[in-house]
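Okay, structure first, notes after.
The values are calculated or read from the model by the stated rules, or taken from the named source; none is laboratory data. Because the structure is predicted, anything quoted here is derived from the model rather than measured. Reconstructed Cβ throughout: ideal geometry from the backbone, glycine too, with neighbour counts over all protein chains shown. Just the protein is used for accessible areas: all its heavy atoms, side chains included, with ligands, DNA and RNA removed. Shrake-Rupley method; radii C 1.70, N 1.55, O 1.52, S 1.80 Å.
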Amino acid sequence: MRYWRVWLVPVVAAGGFVAIYALDANRSLFLALNQLGPATSDLLWANITVLGDSMVAFALCLALWRRRPDLLWALLFLAILGTLWVHGLKPLIDVPRPPAVLGDEVHVIGRAYKAHSFPSGHATTAFAVAGLLTLGIASRAWVAAIIALATLVALSRAVVGVHWPLDILAGAFGGWLAAVFAVRLAERTRTLGARAVIQWTLALALAACAVALVLGYPDEYPQALLFERAIGICCLGAAAARLKRAAA
């Protein structure tokens, strides 16, 4: 595994965090990003930001089943570490969200959350999954595309008006490191993770996430419900096709 793949993202995220904090640019940068919503399309950003929802991300990871059992096993550790990062810090560092501080200055897409801003859960999820995939594939083109998409999803949290840039960078930092440690833990326990019962259990859990999307959960962004349902249907259809080929 190349060294730069492991540490580039967290180093950039940490550097950006320090620079924004030192320059006191958190508010001004948020307002600049938030203006992308009115300048483009609420529908566009609602559909981008749902990719950072854990339910959507887990459903998409169903594609790992029967293709990359090692990464599917690592996903379990990823979910645990990412959850600890987000829900461990939110109560400890209870930062008010932009709508609670700036009021009508904020263009909000979806629900106007007011509390528990730090770190961004969507940014954590986006970079956790991006880190998992990046550390497990060889193609530079795919690595660049995956990191670019994760960055877009993370930035969308400011565009929809619910997270500060520092929240996003903290999420990217923690999510990526969760992936690094998850991959290493999975490698040390690969024999356990390769068991059929483990793989099937994880696949069924991810399939349940896909079913939830088809049924309309989560519903934070009504503009994105059709997209979420399409993701759920495609994930379930692809998994069924793989199962059918394996049985043939």
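Of all the numbered requirements in (1) among the charged types (D, E, K, R); (2) farther than 27 Å from residue 244 by Cα; (3) at pLDDT below 95, residue 42 misses one, and that requirement is (3). Has the range 201-221 got at least one residue that is open to solvent by 70 Å² or more (accessible area, probe 1.4 Å) and assigned to a helix (DSSP H, G or I)? Scanning the range 201-221, I find at least one residue that is open to solvent by 70 Å² or more (accessible area, probe 1.4 Å) and assigned to a helix (DSSP H, G or I), so the answer is yes. Answer yes or no: is there a residue in the range 69-88 that is at pLDDT 95 or above, outside any helix (DSSP H, G or I) and not polar (S, T, N, Q). Taking every residue of the range 69-88 in turn, none turns out to be at pLDDT 95 or above, outside any helix (DSSP H, G or I) and not polar (S, T, N, Q).
Contact map, the range 130-150: residues that are under 17 Å from residue 64 (Cβ atoms) and touching a residue at least 40 places away in the same chain (Cβ under 8 Å) paired with residues that are open to solvent by 50 Å² or more (accessible area, probe 1.4 Å) and among the polar types (S, T, N, Q), Cβ distance under 9 Å, separation 6+ or inter-chain. Pairs shown: 130/151.
Do any helices (runs of 4 or more DSSP H) entirely within the range 112-196 hold 1 or more residues that are closer than 19 Å to residue 101 by Cα and within 12 Å of the chain's Cα centre (by Cα), and if so, which?
Counting at least 1 such residues, we get 140-159, 165-188.
Among the numbered criteria (1) open to solvent by 30 Å² or more (accessible area, probe 1.4 Å); (2) outside any loop (DSSP other than H, G, I, E, B); (3) out of contact with any helix residue (DSSP H, G or I) (no Cβ under 8 Å at 6 or more places or on another chain); (4) closer than 17 Å to residue 31 by Cα, which single criterion is violated by residue 99? Condition not satisfied by residue 99: (1).
Counting just the residues of the range 89-120 that are in contact with a His (Cβ under 8 Å, 6 or more places away or on another chain) and not aliphatic (A, V, I, L, M), which one comes out modelled with the lowest pLDDT?
Only one residue tops the list, namely 94.
Restricting attention to the range 164-174, does a residue exist that is modelled with pLDDT of 95 or more, open to solvent by less than 20 Å² (accessible area, probe 1.4 Å) and among the charged types (D, E, K, R)? Yes, that holds for at least one residue. With the condition kept exactly as written, say whether any residue in the range 182-191 is farther than 30 Å from residue 95 by Cβ, in contact (Cβ under 8 Å) with a residue 40 or more places away in the chain and of a type in the set (Asp, Glu). Yes, the conditions are met somewhere in the range 182-191.
When each of 140, 157, 195, 184 is tested for being at pLDDT below 95, basic (Lys, Arg) and out of contact with any strand residue (DSSP E or B) (no Cβ under 6 Å at 6 or more places or on another chain), the lone residue that passes is 140.
Inside the range 1-60, residues that are β-branched (Val, Ile, Thr) and under 18 Å from the mean Cα position of the chain (by Cα) make up a count of 7. The condition (being closer than 23 Å to residue 165 by Cβ and in contact (Cβ under 8 Å) with a residue 24 or more places away in the chain) is satisfied by just one residue among 11, 50: 50.
Out of everything in the range 10-45 that is within 18 Å of residue 151 (Cα to Cα) and among the aromatic types (Phe, Trp, Tyr), what residue ends up being most open to solvent (accessible area, probe 1.4 Å)? Step by step, filter the range 10-45, then rank; the result is 17. Go through (1) buried (at least 18 other Cβ atoms within 10 Å of the Cβ); (2) among the aliphatic types (A, V, I, L, M); (3) in contact (Cβ under 8 Å) with a residue 40 or more places away in the chain; (4) in contact with a Ser or Thr (Cβ under 9 Å, 6 or more places away or on another chain) for residue 155 and report which single condition fails. So residue 155 meets the others, but not (4).
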